[in-house]
Every structure is written in C-alpha cells, then in structure tokens.
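Here the structure comes first, spelled out in structure tokens, and everything after it is commentary.
The values are calculated or read from the model by the stated rules, or taken from the named source; none is laboratory data. What you are looking at is a predicted structure, and each value in this text was computed from that prediction instead of being measured. Cβ coordinates were reconstructed from backbone atoms using ideal geometry, including for glycine residues, and neighbour counts include every protein chain displayed. The protein model used for the area step is the full one, side chains on, heavy atoms only, and it has no ligands, DNA or RNA in it. Shrake-Rupley method; radii C 1.70, N 1.55, O 1.52, S 1.80 Å.
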Amino acid sequence: MALLQISEPGMSPDPHLHRLAVGIDLGTTNSLVATVRNGVAETLPDEKGRHLMPSVVHYPDQGPPQVGQEARGYSALDPLNTLSSVKRLMGRGVSDLKTVAGHVPYDFVPGDGGVPRIRTRQGDVTPVEVSGEILKALRARAEASLGGELEGAVITVPAYFDDAQRQATKDAARLAGMNVYRLLNEPTAAAIAYGLDKGQEGVIAVFDLGGGTFDISILRLNKGVFEVLATGGDSALGGDDFDRAIAGWMMQEAGIEGDTGHHRMRQLMMDACAVKEALSEREEARLKVALSDSDYWSGCITCEQMNCLIDPLINKTLAACRRALRDAKVKPEDILDVVMVGGSTRVPRVRERVGEFFGRAPRVDIDPDKVVAVGAALQADILAGNKPGDEMLLLDVIPLSLGIETMGGLVEHIIPRNTTIPVSRAQEFTTFKDGQNAMALHVIQGERDLVDHNRSLARFTLSGIPSMVAGAARVRVTYQVDADGLLSVNAREMVSGVQSSIEVKPSYGLTDNEIETMLTDSRSHAQEDMLARRLREQQVEADRVLEALDSALGADSELLSQDELKDIRDAREQLAAAREGEDHEAIALAIKGLERASEDFVARRMDQSVRKAMSGHRVEEFE
Amino acid sequence: MDLDFTRNYFELFGLPQQFRVDDAALMAAYRALQSELHPDRFAQSDDQARRLAVQGASHVNEAYATLKDDGRRARYLLSLKGTVVDEEKESAHDPQFLLDQMELREALEEVDQAADPLAALDALSRDIEMRYTQMLAAFEVAFESNNLEAARQEVLKLRFFDRLREEVARISERLEDQLLG
C-alpha cells in the first residue's frame, strides 16, 4: 500500500511575518512589477513615476548594462548594443531565428547550433541573460520601493509558451537571483486581477491582444478555484498587424512603392498607429504622408474604412476563440464574462466584434497594460503565505500536446493539449528487432501528425535492455508535467527494470553547464542550492544502484568468473567512495562505470531467467 | 494529508461505483482534494514535499479526467470488474453498427462539398453525438444489470466514436483555417 505523507498546508511559522512577494509581467516590449500593499495590488513605478519599464537592455562601453527607459534612448544611437524584444528569442534555437527575423536587428554569433548568442561590445550574450538583466532591474526597483529583500516572485508567460520557453524564463529568473514561486499564464493573471473568483461562478474568456501576440483562454471559476479549460491563440498576430494593414492602405492611396526604405516604412507604421489611436475616439482622421522632402500626400480615413482593413485580422482572433471554446466543450452563450487584456483591445472595433461573438460586453475597467502584473502580484501574495485564509487555487492546463516519435516519423500523443496539470501519463512501447538493446526516444510538442512539423523537445536513449525477441520487452514511457508546465520523461523496461530519464530542457534552453558558468558570475546563492540538490539526487541514485547490485550479486554471483567479479567489485567500491564525496558529477560517472561493468552480468541474469521460464520454472523477480 | 493510491477513483472521490455520476459532487470532491494537494499549496515547502504534491495532484487529476469523461469512465468501470477489453486486438462486430459507422465516415468525407460546410459538419456532429449518447445508455443498462459481456460489446464501439469525434474536430479546424486564410 502506497501512502503519501504530506504536512499540513498553510501552517506559516510566524503569522505576523509578511513576505515580500511580487508579480512580474515580463513583456516583449514593456515589463512591469507589482505587489500587494495593505491589501491592494498595484504596479510599482520607478523614481520618476513611470510604471512601464521598456524591455530593453543596453551594453555600454564601460560599466554595467543599462535597462529600461535609459537603455531605450540608445536604440537609435547604438542599435547593435541595444537589445529589445528578446522575449521572442526565449527558448528558441538558432534554427528558429528565421521565424523571428525582421523583428530583431542584431548580430548573431554564427555557429554551433543550440542557443543563439547576440554579439555586443561586452561579449556575446544569450536571450536568457538579457532577460535576466531586465528581471534584475525589476527586482532592484521592487526592493528599493518595498525596503527589503524579495522572498519570491510570480512571473507571467504567454499561454502559448512551450516547455523550452518556460524553462528559459525560469533560467532568467535564476540568473537574477530570484525565487520563482510559479510561472503563471498571462490571461489567467488577468482574470485574477478582475477578482472574478470572488462571488462568481461560471465560465469566463480572457481575450489578450497585444502588439505582436494573441491569446485566448477559457477559464472556469468556482468557489475560488480557477480552472483553465482551454487556451489557444496566434503567436504572430497583434496590433502591429493592424498598423501594417493601415500603413499598406496609406501606401496604396499615396502611390508609394512597396519596397520603400526602412526608415520611411518605420515612419509609415508610426503614422498608421497614430491613425488607429485617433479613430478610437473619432469617426474620421486626416492624414499627411511625406512623399519626399517637399511633397506630401494628404487624405482622410474613416472608421468604417479602417474597420474593413482590420476585420480580417479580427476574424482570425475569433476563429481561435471558436477553437478554444470547442476544446473547452462550452458554447459562446455559456460565457459569463469576457476580460480584455493588451493595448490592442483599446480599439473599439475589437471590443465590438468580441462583444458580438460572446454575446456580452467585455470588461475593460482595468488598464489593459497593467492587468496582468496586478493579477500576478495577487497570486504571489497568496503563494508567499501572506493570506493563509485564502482558498484561491489555480488549476492550469498544458497549451500544446506532448507526444513521442513512433515508427515512420509519426507522433503519438501521450498527453493531449488542454489536459489539467500536474499530470503524469504512461504508455508502453516494445522493441522492434530481436535482441534490440536500446531504444531511442524523441520527445515532441505540438498538434501535427508528422514529427518534422512539430517542435522537438528532447532526445534520449534507453540502453541496457536485455536481449529478447522483438515485441517481448515492455518499455513504459512516463511523461510527468509539473504545475509550471515543465516536463520530465522517464523510460523503464518493465521486465529488467533498466531505466533512463530526462528533464526536458536542453534542446533550446541552456545546458546546465552554461547556467552553472553564468551563475558563478552572479552573487546569488542559487548555484549552491542547485549543486546541493544535484548532489542529493545523485546520492539517492547511487544508493539505489548499490542496493540493486548487492542483491543481484547475493543471488547470482556464480554467473561471473573471478575476473569479472573483481571488475564489478572494483567499480562498486569506486561508486561507494564517490557516494561519500561532495561531487555530484563524480557520483554520476561512477554510476555509469558500474553500469558498464555489470552490463554482461545483467544480460546473463536475464538469459538465465528466460531459460528457467522455458523449462517450466517460474520467472524470478529481479531486484 | 494522506493520499491512498490503492483506492479506486470512485472511492477516492467518495462516489458510488456506477456509470451515472453526479457531476456536481464529482467536481466538489475533486476541488476539495486539489485544494489540499496542489503543488501551489507547497510553494514554501522543501523539494521533497513539492515532489510528493506533484505526484498526488497528478493522481487526482488523472482520476478526475477518467470519471469526468463518459467513455473513459465506462472502460474504467469494466476494468474494475476485471473485464479485459483489449481494443488493440478486438473490435466491435455488430454488422448494423459497422455499416452505420461506414456511412458516417462517408458523410464526413462529403462535408466539403456542402454549400455551407461548417453547418453541414455541425449537423453531422449532432447526429454522431446522439448516437454516442444512445450507445452509452445501452452500456449503462447492460452494466448496471451486471451483463458484463453486453457492456463489453458497447465499450468496443467506443473507439469508433473516439475516431469519429477526432475526425470532426480535425475537419472543423481545417475549415476554420480555410475560412480565415
């Protein structure tokens, strides 16, 4: 009988201790930090009273990197050393850069696959390090205005962020010396900000249209429980596309050629954005577009004309809403409330069409730029244990299906999208050839049938499978997703017990070595914590291996020659010695050494048991 | 709190072991368990407690997903009775049922030719859902009268409906994509 012992929750050691906790909206263009003070959640301004911090980092000739408003001032003067929009690169590999090309103008360091590096005069930096600088600046702002050291933070991520992108965000927080209570989906944070958990029951939709991304989330609220039923969206659709559509119309009307210069294009986009904002309040806007230094085209655009231009884009958002409703198994009329997030929801046409689709006027009372940070702060306050009586609970789903590659480059889903997390699901696979000793596992994320059309998260190998006829081995592959949406995968051959696992991240995140190197530079204690955890994990694993070996030797040592027995004993002693040391890598090496030394032994025990079974004896349990 | 992993999902939520489930009671029991077990309740605890919370919450999520879904619940009930349904190796063999399934599949393939494909798909989807409900009703009658073989035959039909519903969702997504370019 398996019993799970857990200590009583909510037993904060000192009820009067208020832990300093913040919510952070780490945005593509701007970031915010918010906290709960005297029961009210509010965003924290800098010393000049500005709440939004541009997500921009400048690497100067000397001295530490500058972040925010000061850094943005350099984007025209020193563009190659002024990095913005790095959120688009988080958790992305070099091979993904094409998809973000055009959004980011930097010099990438050519080369060796894996994580993209951006060349600056202070050396090559990764997107994770740049985000780490932004988080450090937000942390400094929070600690200055709260007057103490931060205990922890809730950081928001787009619902569409995949595993690698979430992991990269956590890595950035580690570099900033920040304790992350939880990653929270941005739309979920917005629903919390509206306090829709208080006194309401029902299904709500969060419509989040930012500058460059669109997210739709369907949540169910019931007595303080937030259940995310489904999420969907488009990571390449936003208000910038509105501006582009309007700018295209202006070019057409003014007779400007398509391949106009970069500078002119930027001016047109800014004009288009101004028109969009003007038409939020008026029926008609006048335009003046420079054709040359002395020549202008002037004209006029009505609300109706603009609506025609942006309607196709709004249609796309509504198609995603339809899909999310189907995933959530609810109808538009079941929606009790619609929450608007993101600057582009200020456009009246967006509000109107969304209202029509859901059959009710959307909520727009809280500043759509701040609402996510405010919700994150409320959640951080609860996770810090500052509100022991609060029953709010967030049940999240994974946004994209997780699967495994099967024969022929196909994907078999193990956990379908919109499954509530944490979750653990297993599936059994078998060997394909007689005597197959290893199995390659390829972890895939996405909805498409072919591996090539999805994202590859990780590859690893289960080796040491004893020789059996094809189809006899039973390899149980378990996917475990934690509350942050991060995946670990374990593969175990059920007959022999050989197993292998992986925490999914190296594909497009940073390798642990890279993180360790970066952490040596930072003053945080995160590295010590991490090493201690690694060491404990390796010690536990070493104990397990030693115990299994001793019991196998006790039962079957006659299968080994004197020399072989000596080799195994030597490897065993090395592991036992390493187990007492402080070096987790040495323990891992010694475990591998022992596994190699005893490979034949394991295979022979297997053969012996098969023979026993064939001659009518019962197959003995191993280990 | 102790979570006993050996209890079956009905016992876990304190519900009677039968096909009909009181949705409200299931939801309430699920939320009560999650509000104690969820890893967010252990944000301040050590790694060990957090890992255990992930395991416990995963188990409860799996139990809830199983009981919430009619098809999964039917399969699960049979497995609790020790009735093995190997859907990889065995298939429904009621000829009328198989014929109906073929016709439904053909109708799905022809949706594209309809004047309003999405509306045609929605109508077909309603038809499929109605048949699915009928099949579940037949399962319930068989199961509750302890006619396990008849219940097993109904469960063997589930896979056909799973595939049809997947197909409906796939076509629906494709049509939406087409519609919006």
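Result for chain B in a Gaussian network model with C-alpha springs under 10 Å: among B:151, B:25, B:142, the largest mean-square fluctuation is at B:25. Picking from A:76, A:410, A:328, whose Cα lies most toward the positive end of the charge dipole for the protein assembly as shown (charges on Cβ: Lys, Arg +1; Asp, Glu -1)? Positive-end residue among those listed: A:76. Taking both sides together, the accessible area buried where A meets B is about 3700 Å² for a 1.4 Å probe. Note that the protein assembly as shown presents 47 Å² accessible area per residue, ligands and nucleic acids not counted, probe 1.4 Å. Here the simple spin-label model places points 7 Å from the Cα toward Cβ, and for residue A:274 and residue B:147 these points are separated by 7.9 nm. Atom-type composition of the exposed protein surface of segment A:239-308 places 46 percent of the accessible area on carbon and sulfur (1.4 angstrom probe). The H on the amide N of residue A:421, modeled in the peptide plane, is under 5 Å from the matching H of A:396, A:397, A:398, each at least 5 residues off or on a different chain. Between segment A:556-592 and segment A:399-435, the alpha-carbon centres lie 34 Å apart. The 3J(HN,Hα) values that the Karplus relation (6.51, -1.76, 1.60; θ = phi - 60°) gives for segment A:317-324 are, in residue order, 5, 6, 4, 5, 5, 4, 5, 5 Hz. Gly and Pro appear as x. Scalar couplings 3J(HN,Hα) for segment A:127-144, obtained by applying the Karplus form with A = 6.51, B = -1.76, C = 1.60 to θ = phi - 60°, are x, 5, 5, 5, 4, x, 5, 5, 5, 4, 5, 5, 5, 4, 4, 5, 5, 5 Hz; x denotes Gly and Pro.
Counting, for every residue in B:42-51, the Cβ atoms of other protein chains within 10 Å of its Cβ and taking the mean gives 5.
Do the sum for the protein assembly as shown: with -39,500 (n - 2.57) for every DSSP H run of n ≥ 4, divided by all residues, what is the mean residue ellipticity at 222 nm, to the nearest 500 deg cm²/dmol?
-14500 deg cm²/dmol
For chain B, what % of the accessible area comes from carbon and sulfur atoms, probe 1.4 Å? Please list the in-between numbers first.
Values: 4620 of 9110 Å².
Here it works out to 51 percent.
Residue by residue along B:30-40, Cβ atoms of other protein chains within 10 Å of the local Cβ number 6 on average. Residue-wise HN-Hα couplings along segment B:146-161, as the Karplus relation 6.51 cos²θ - 1.76 cosθ + 1.60 with θ = phi - 60° gives them from phi, are 6, 8, 5, 5, 5, 4, 4, 4, 5, 4, 5, 7, 4, 4, 5, 5 Hz; Gly and Pro carry x. Largest GNM mean-square fluctuation across B:67, B:52, B:108, computed for chain B with C-alpha springs under 10 Å, falls on B:52.
Note on chain B: with a GNM built from Cα contacts shorter than 10 Å, the maximum mean-square fluctuation among B:153, B:34, B:44 falls on B:44. For segment B:1-81, averaging the sequence separation of C-alpha pairs within contact (under 8 Å, six or more residues apart) and dividing by the residue count gives a relative contact order of 32 percent.
Entry note: segment B:9-68 has Rg to Rh equal to 1.05, where both radii use alpha-carbon atoms and Rh is the Kirkwood radius.
Partner shielding of A:325-331 amounts to 1, given as the average count of beta-carbon atoms from other chains within 10 Å of each residue beta-carbon. The value of relative contact order for chain B, using C-alpha pairs under 8 Å at least six residues apart, is 21 percent. Take B:91-103, A:18-30, B:70-82 and order them by the average number of nearby Cβ atoms within 10 Å per residue, most first; the result is A:18-30, B:70-82, B:91-103. All C-alpha pair distances within segment B:95-180, sorted into 10 Å bins from zero, spread as 16, 44, 25, 12, 3, 0 percent across the bins. Once backbone amide H atoms are built at 1.01 Å from N, residue A:474 has A:494, A:495 as its partners under 5 Å, excluding neighbours fewer than 5 places away on the same chain. The amide H of residue A:226, built 1.01 Å from its N in the peptide plane, has A:393, A:394, A:395 as neighbours under 5 Å, considering only residues 5 or more places off or on other chains.
If you sort A:429, A:226 by accessible surface, 1.4 Å probe, largest first, the order is A:429, A:226. Using every pair of distinct Cα positions in chain B, the Kirkwood expression returns a hydrodynamic radius of 19.0 angstrom.
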